[in-house]
Amino acid sequence: MVSIVRRSFNMDVADGLAKDGVMPLLARVLAARGIAQSAQLDVSLAKLVPPERLTNAPQMAVLLADAIAQKQSILVVGDYDCDGATATAVAMCGLRSMGASVDYLVPNRFEYGYGLTPEIVKLAAKASPDIIITVDNGIASVEGVEKANSLGIKVLVTDHHLPGDEKPAATCIVNPNQRGCDFPSKNLAGVGTIFYVMLALRAELRSRGVFTDKPEPNLTELLDIVALGTVADLVKLDDNNRILVEQGLRRIRAGKACPAIRALLKLAGRDASKANAQDLGFSVGPRLNAAGRLDDMALGIACLISDDETEATVMAQRLHTMNLERRAIEADMQEAASISLEEVDVSGQFSLSIFEPDWHQGVIGILASRVKEQFHRPVIAFALGGDGNLKGSGRSIKGLHLRDALDLVSKRHPDLILKFGGHAMAAGLTIPHHGFDRFKTAFEEVAASLLTPADLDAVIETDGSLAAHEVDWDVAVALDKQVWGQGFPAPLFSDEFFVKLQKVVGERHLKLSLQKVDDQTGRMFDAIYFQQATFLPPKVQVVYELQTNEFNGRQGVQLNIRHCAPLE
């Protein structure tokens with residue numbers, strides 16, 4: 001069952017924003033997302049939380065500055081997703097610009113798993129680094145850090161994931177979510193965290209007079225990469241993250257993005273001069289992620305750090321091809337999942353755990369997300385790992401913190417989960433090959449104890465109705481200019497319409513002309529309903545986005561339908 005509800009907002013706040021010059025409709029939308037004053041809409045870099053407020057960032061900057069002065073070798077150990085790749089690229093480019101001797105290592109997820117494992121440390125030791133700096137991982141790498149310490153390799157951890165009960169014995173840890181850190185933006189991605197460390201390092205080198213006779217590195221040149229990783233990792237777009245993303249988008253629109261991002265946008269058919277956060281999340285991010293899902297992320301990182309247009313374009317094309325392959329694998333897996341769930345009474349379950357022996361472990365996270373969207377339940381999809389165990393990737397719904405739920409399963413069944421980690425909405429785990437049925441039962445018991453039947457009803461939050469005069473080019477442009485994303489969702493509106501015309505275009509999309517039920521003027525609205533080839537009934541309730549539409553030199557607006565329900 002799907003319920004459509006209107007977001008609440010404080011009318012006084014909305015009126016105050018409007019008095020400060022914000023368009024009334026936008027003021028209403030922003031107030032519903034926690035914007036209390038117009039100062040929060042200032043996305044200038046000067047409004048970023050200062051790097052010295054991030055616990056241990058100044059101390060790590062001292063350690064890195066000393067390493068640069070002593071010409072020590074630094075090895076960046078990244079992660080295999082988009083956040084990990086962009087964080088590695090920011091570390092590489094930032095450290096190189098400040099004179100460091102630095103290289104990177106990204107683990108193949110199928111051979112080494114996640115994080116700074118002892119096996120990764122052994123591999124890293126072949127390069128004889130003086131320092132390992134982790135990006136987007138490390139906070140759970142207790143054994144890996146211990147192994148590095150035993151080999152005389154200093155470990156600096158930069159991460160944003162929630163810490164476990166035991167902290168690794170690293171020389172220094174920067175993580176906005178570690179205990180004792182009072183950094184006001186707890187939602188930094190891994191790439192945002194290492195960017196802050198680079199800011200602190202530049203400040204430290206500045207204080208040492210390193211830039212007295214040479215120009216300082218311009219770290220704003222990395223913001224397009226920071227924006228990409230922040231959006232792709234689905235961290236909440238709080239005030240601080242929106243600044244990072246908006247500043248990165250401005251570089252992209254101005255033609256100043258790195259060659260990789262320009263090439264990936266072009267391959268996705270997106271106009272870089274009009275790039276928005278959705279382009280990063282749904283066009284660039286998946287193409288970069290494809291490398292880590294099907295092979296390893298080395299190709300993605302090499303593409304991001306390349307300053308050669310031709311070289312970056314060739315690598316971007318390989319990433320694009322990988323993404324097409326990933327989509328084909330995903331489609332096959334989704335079909336198999338649908339078949340396996342056909343005979344399951346999903347209505348009687350609070351969770352879904354699914355497994356097929358031939359599934360690709362690099363794509364199970366996407367599969368879990370698709371199944372979650374279909375059934376609105378926490379979903380964990382498993383595939384065979386190279387070590388014979390089962391690798392799982394989960395996605396959750398509001399009301400169930402997935403990492404905490406797995407922690408509860410682990411406490412109740414100490415021998416069931418070999419390792420796990422993640423966030424409220426996404427997590428990964430490993431279980432023994434023979435443990436699937438036990439896990440399925442145990443996870444269902446935990447989910448049933450934490451969720452209510454009402455939690456299993458999908459809820460679509462909208463910003464209410466749009467008056468006919470608000471379906472306007474200037475309104476759509478004003479909405480487009482904002483940074484929308486996780487925790488700061490793009491506006492959705494809901495109205496009742498008569499369906500006047502409809503036709504299938506591109507074999508699987510509906511092109512429509514709609515008339516508002518309560519509008520006596522007879523005005524028609526263009527609409528598009530993607531992935532919908534079945535005609536709609538004459539009268540419908542529609543949830544939609546208001547979007548600009550330019551075709552054959554003509555400017556207009558269209559309604560992008562996200563949900564539709566028949567009306568009597």
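The values are calculated or read from the model by the stated rules, or taken from the named source; none is laboratory data. Keep in mind that what you see is a predicted model, and the values were worked out from it rather than measured. Cβ coordinates were reconstructed from backbone atoms using ideal geometry, including for glycine residues, and neighbour counts include every protein chain displayed.
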Log entry, pairs with first residue in region 503-515 being part of a loop (DSSP other than H, G, I, E, B), second being exposed (fewer than 15 other Cβ atoms within 10 Å of the Cβ) and of a type in the set (A, V, I, L, M), beta carbons closer than 6 Å, six or more apart or on different chains, reads Arg508/Ala533
Sort out for me the strands (runs of 3 or more DSSP E) sitting completely within region 394-464 that have 1 or more residues that are closer than 24 Å to Asp159 by Cα.
-> 419-422, 426-431
Which one of these is out of contact with any Gly (no Cβ under 6 Å at 6 or more places or on another chain), free of Cβ contacts under 8 Å to residues at least 60 places away in the same chain and assigned by TED's automatic domain parsing to the domain that holds Arg109: Ala312, Ala405?
-> Ala312
Unmet criterion (only one of (1) of a type in the set (Gly, Ala, Ser); (2) under 18 Å from Ala275 (Cα atoms); (3) at pLDDT below 95) for Ala490 | (3)
Considering (1) farther than 24 Å from Val235 by Cα; (2) among the small types (Gly, Ala, Ser); (3) crowded, with 24+ Cβ neighbours inside 10 Å, say which one Ala69 fails and leave the rest.
-> (3)
Can you tell me which residue among Val76, Val5 is surrounded by fewer than 13 Cβ atoms within 10 Å (Cβ to Cβ), of a type in the set (Val, Ile, Thr) and part of a strand (DSSP E or B)?
-> Val5
For region 267-357, list the helices (runs of 4 or more DSSP H) that sit wholly inside it and hold at least 3 residues that are among the polar types (S, T, N, Q) and within 22 Å of the chain's Cα centre (by Cα); which are they?
-> 309-341
In this structure, does Gly428 turn out to be buried (at least 20 other Cβ atoms within 10 Å of the Cβ) and either assigned by TED's automatic domain parsing to the domain that holds Gly362 or of a type outside the set (Val, Ile, Thr) (or both)?
-> yes
The one condition in (1) out of contact with any Lys or Arg (no Cβ under 8 Å at 6 or more places or on another chain); (2) buried (at least 24 other Cβ atoms within 10 Å of the Cβ) that Leu199 fails to fulfil = (2)
Return yes when Arg318 is surrounded by 19 or more Cβ atoms within 10 Å (Cβ to Cβ) and basic (Lys, Arg) and no when it is not.
-> no
Test: residue in region 93-102 that is assigned by TED's automatic domain parsing to the domain that holds Asp295 and within 21 Å of the chain's Cα centre (by Cα) = no
Any idea how many residues of region 177-196 are out of contact with any helix residue (DSSP H, G or I) (no Cβ under 6 Å at 6 or more places or on another chain) and either surrounded by 24 or more Cβ atoms within 10 Å (Cβ to Cβ) or among the hydrophobic types (A, V, I, L, M, F, W, C) (or both)?
-> 3
Qualifying position, being out of contact with any Phe, Trp or Tyr (no Cβ under 7 Å at 6 or more places or on another chain) and either under 30 Å from Thr462 (Cβ atoms) or in a loop (DSSP other than H, G, I, E, B) (or both), among Ala27, Ala61 | Ala27
Of all residues making up region 142-176, the number that are surrounded by 24 or more Cβ atoms within 10 Å (Cβ to Cβ), of a type outside the set (A, V, I, L, M, F, W, C) and not in a loop (DSSP other than H, G, I, E, B) | 2
Leading residue by the ranking (nearest to the chain's Cα centre (by Cα)) among those in region 177-221 that are among the acidic types (Asp, Glu) and in a loop (DSSP other than H, G, I, E, B) = Asp182
Can you work out which of the residues in region 468-502 that are touching a residue at least 60 places away in the same chain (Cβ under 8 Å), part of a helix (DSSP H, G or I) and small (Gly, Ala, Ser) is nearest to Phe535 (Cα to Cα)?
-> Ala476
Kindly indicate whether Pro51 is touching a Phe, Trp or Tyr at 6+ places or on another chain (Cβ under 7 Å) and not hydrophobic (A, V, I, L, M, F, W, C).
-> yes
Pick from region 358-395, criterion under 22 Å from Asp296 (Cα atoms) and among the acidic types (Asp, Glu), ranking: modelled with the highest pLDDT = Asp358
Can you tell me which residues in region 324-341 are surrounded by fewer than 21 Cβ atoms within 10 Å (Cβ to Cβ) and not charged (D, E, K, R)?
-> Leu324, Ala328, Ile329, Ala331, Gln334, Ala336, Ser338, Ile339, Ser340, Leu341
Can you tell which of Ala527, Ala478 is under 29 Å from the mean Cα position of the chain (by Cα), in the same structural domain as Leu559 (by TED's automatic domain parsing) and modelled with pLDDT under 95?
-> Ala478
Filter region 106-124 for residues that are at pLDDT 90 or above and part of a loop (DSSP other than H, G, I, E, B); the one that is surrounded by the fewest Cβ atoms within 10 Å (Cβ to Cβ) is Thr117
Check on Gln178, among the polar types (S, T, N, Q), touching a residue at least 40 places away in the same chain (Cβ under 8 Å), in contact with a Leu (Cβ under 6 Å, 6 or more places away or on another chain) and in the same structural domain as Gly94 (by TED's automatic domain parsing) = no
Take the residues of region 125-141 that are among the hydrophobic types (A, V, I, L, M, F, W, C) and crowded, with 18+ Cβ neighbours inside 10 Å: which is farthest from the chain's Cα centre (by Cα)?
-> Ile131
Complete set of residues in region 116-172 that are touching a residue at least 12 places away in the same chain (Cβ under 8 Å) and of a type in the set (S, T, N, Q) = Thr117, Ser128, Thr134, Asn137, Ser141, Asn149, Thr158, Thr171
